[in-house]
1. Along the positive direction of the dipole of the protein assembly as shown (beta-carbon charges: Lys, Arg +1; Asp, Glu -1; about the Cα centre), which of B:P64, A:A200, B:A352 reaches farthest?
2. Convex hull over the alpha-carbon atoms of region A:141-207: what's its volume per residue in Å³?
3. If you place +1 on the Cβ of every Lys and Arg, -1 on the Cβ of every Asp and Glu, and leave all else neutral, what size is the dipole of the protein assembly as shown about its Cα centre, to the nearest 20 Debye?
4. Per 10 Å bin from zero, what fraction in whole % of the C-alpha pairs of region B:57-164 is there, up to the bin with the longest pair?
5. Per residue of C:205-213, what is the mean number of Cβ atoms on other protein chains within 10 angstrom of that residue's Cβ?
6. Counting only helical runs of four or more DSSP H residues, what would the 222 nm mean residue ellipticity of chain A come to if each run contributes -39,500 (n - 2.57) and the total is spread over all its residues?
7. If each DSSP helix of 4+ residues adds -39,500 (n - 2.57) and the sum is divided by the residues in chain B, what number results at 222 nm, nearest 500 deg cm²/dmol?
8. Once the cut-off is 25 Å, how many percent of the Cα-Cα pairs in chain C end up in the long-distance tail?
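Since every read-out is calculated from the coordinates, none of them should be taken as a lab result. On a predicted model such as this, the values are computed, not experimentally measured, just so you know. For neighbour counting, all protein chains shown are included, and Cβ atoms are generated from backbone atoms with ideal geometry for every residue, glycine included.
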Amino acid sequence: MLFLRRTLPLLIAFIVGTLGILIYYIPHTAAQDLEQELARWDRIIAAFAMLLGIYSLMSLHLNRVKRQQGGWGYSFLVFLGFGLMILFSLYNDGLGPFKPQVADSGPFVWMFDNVQVPADATMFSILAFFIASAAYRTFRARTPEAAILLVSAIIVMLGRVPIGVLISDWIPWFSQWLMAVPNLAAKRGILLGVSLGAIATSLRIIFGIERSYLGGGE
Amino acid sequence: MRYILLCLTLLFCMCPVQAQQPTQIQTMDTPNDAGGSITLTWNRADLPPKSVYKIAIGESPNGPFYLATELPTTANLMSDDPATFGHGDETAQTHFFNITEYQDTNNTEKPLKLETDKTYYVQITTQLPNGQMLPSNISPATAIQNLFNKTKINNFILGTVFSLIILIAIYMARRHEMYIRRIAGLEALDEALGRATEMGKPVFFAHGLHPMGSVSTIAAVNILSRIARRTAEFNTELKVANNDPIVMAVSREVVKESYLNAGRPDAYNDDMVFLAATEQFSYAAAVDGMMVRERPAANIMMGYFYAESLLLAETGANIGAIQIAGTDSYTQLPFFITTCDYTLMGEELYAASAYLSREPKLMGSLKGMDVGKAFLLLTLVLGTLLATMGNQTLAHIFTAY
Amino acid sequence: MKDFLINLDRRFIFIFVAIGVILPALTTFPLPIKPTANVRAIYNTIEEVAAQNGTVLISFDYGPGSMPEIQPMTLSVLRHCFSKKVKVVGMCLWPQAVGLVQQALDTTSKEFDAQYGTDYVFLGYKTGMHSLVINMGRDFQGTYPQDLQGNNTADLAVTQRIFGLKDFDYVICLAAGNTPDGVWIPYGQERYKFKFGIGCTAVMAPDQFPYLQSGQMNGLMGGLAGAAEYEKLINTPGTATDGMRPQSVVHVIIILFILLGNTIYFLYDRKKGGAK
């Protein structure tokens, strides 16, 4: 059992990880064909992972409904929404499930356009209010560095909208300079560090040093 | 005397003609490819304007030859392809062309692609503006599949060196104690958990939106295992809201293991680690609702976040929770910095798991990363200085082709 | 008053932001929109592709949440391509984008009488992210044997001569996530060296500047302002141009609140050691 739970996954991770790295340097058709095949398998696994996600979600909400935990009515709504969308998708605007999905009419598209799109867009729009309140509360020039940050933020905010051009042509120019020089330098520094971190973590996974992705314990 | 003059005249007339013929022709397999291509190089010549090179190819040295391409005499210098031919001065004096197909007009309208492991014969002809054709000798070449892409040799060497540094550092960490500097956000972790215990309120943990394969999620799960151990010891309620079912499955195992190691397996239940939603804003709405209803005393957000970061952090700030965030998502750092009490930036998130656990594998990786960064810093400074003085050697070494 | 300002209820800020969005949206006043070099680069590249009768691949990687920022870019780029007879191949790395892109294609194709199959093709969504790009890079028709409507890509005029990513003259990614720098650049642009431009949400735009400087990207439309600049370039004002009015006013409101907060801090709060 330990072989299946620990040893085999680690072996697969090592072989596939090492192959994946070597393939990058080998132009031979055999290596490139292998890469294409591995990519195809990854896409198939990704599609099945969606099923795993659906099962987890349904199982969680079913337990809530069964136990009538707090807010279980909302769990019932999850089933309702899920069931409706599955039905509409199978109905496929009258064409049935075996024809290509219709993307411009029908109840599925109606639900997407009139329920999901407004709901998602609304949630994203809340950010505008939250950033305003967060900015008021925390953008204080407590230190010289904070003052520089504050001035930069104001210039970029003005530079990104037409009002900056109305005030002065220097504002959009300086805003662009701030993005293209100091911001770029900071981002590149973080990118270098994060990339090294990714290499280190990937090596640990390939060599079986890092096993947390298998789920707990050594 | 007349004969000498005649010979000299003929010689004088022939030389420019010979100089206009393609010279120093080399044919070879195109390097760094999967076959099906032959490369031809020849010296640049001083030719009249509107001259062209015609490259012909055949399957036999006796022909028939088919036109592969026509090139203006200023095109296709080796200096245009430094990945293959390097940066030497001679590359500006040599032409090249990669033949991958030719038009066999006798048999088909579709171009014929070169076959791998088959010998072809190539000839270049200079066509002068007056119509005169000056063919070169016929040269053979065979396209083969290559086993290593030499344009990536710098990448390979650097990657190997970094990998060895990291593996050696991990090996050394198992034998020696390694120093890691204080990280303020992590020092405050105990304070945050203690506050939650005193208030009798839960601790909330979020991993971010990336799947299990992401480096930041792995780091977050490592941190979660330490936090879970502390909450088990302090008997504090822990809630882990997940966005991805696989991350949820791994988190459950990790938290269960931590509670077991803390000697509190009875305190664990699966509802502590739950799937809030699989969509970004559904997740944010679910977690915000949970925060407002249950009012956790401590919010710990570690991982890769997108736009929901501000929704979560601002709601947490509004309910008065102590907030510690860590992300390698550059765009979300400003939101966390403004709304959270402590923020771990970039690789501090990866360092956090090493800091909390002091595990040799994590400490060693961190040290290896530090050595790598020191090397890159040195290269940046040296490269900038050299480039300012007009020397591009270091820049070329680090160019990705 | 002092205490009220120091501990200002955030709902007052919300009210001002709401007014700052609603009133300018209901009124009309002109604002100068000057296209920046990064946006112009995308426009110019599409003009070059048009001159060569080329084909553009557009990857739509966004959802309903980011639709207000990215959908105007989608409409503008499609209008530009269709008006110049540039062939368009559309695909999605995010499933939520399919419905939104279909709407945009339906709208813009009618405006310019673009025909499906000969002027544009929509491939829809497939799983895989970076694996999908790896497969497409080498074998486009094998990865997408059929389009969203079930037509064979080998038979459609737009895609019949496309065999890999190298065969596209320009690739544009309109994204709300990390697909440009996490998927398209490492697995597409780095291997096949095609010209690559992106449109993204405003919050992501600062992230992309290193790739602009290194030449891996040749153009960038950032947020609603980027979309408005593109609308200006194609002389077709739309929702992005209209959106500049509320966005400008709200930016000013936020700046005023920040200045107010700092004034209160320096006048009162600083002496007490500062409050968070």
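1. B:A352
2. Details: hull volume 7.4 nm³, N = 67.
Enclosed volume per residue, from the Cα hull, is 110 Å³.
3. 1840
4. 12, 31, 34, 15, 6, 2, 0
5. That works out to 6 on average.
6. -24000 deg cm²/dmol, from helical runs alone.
7. Values: 12 runs with 175 residues, N = 401.
That calculation yields -14000 deg cm²/dmol at 222 nm.
8. The calculated P(r) of chain C puts 50 percent of pairs beyond 25 Å.
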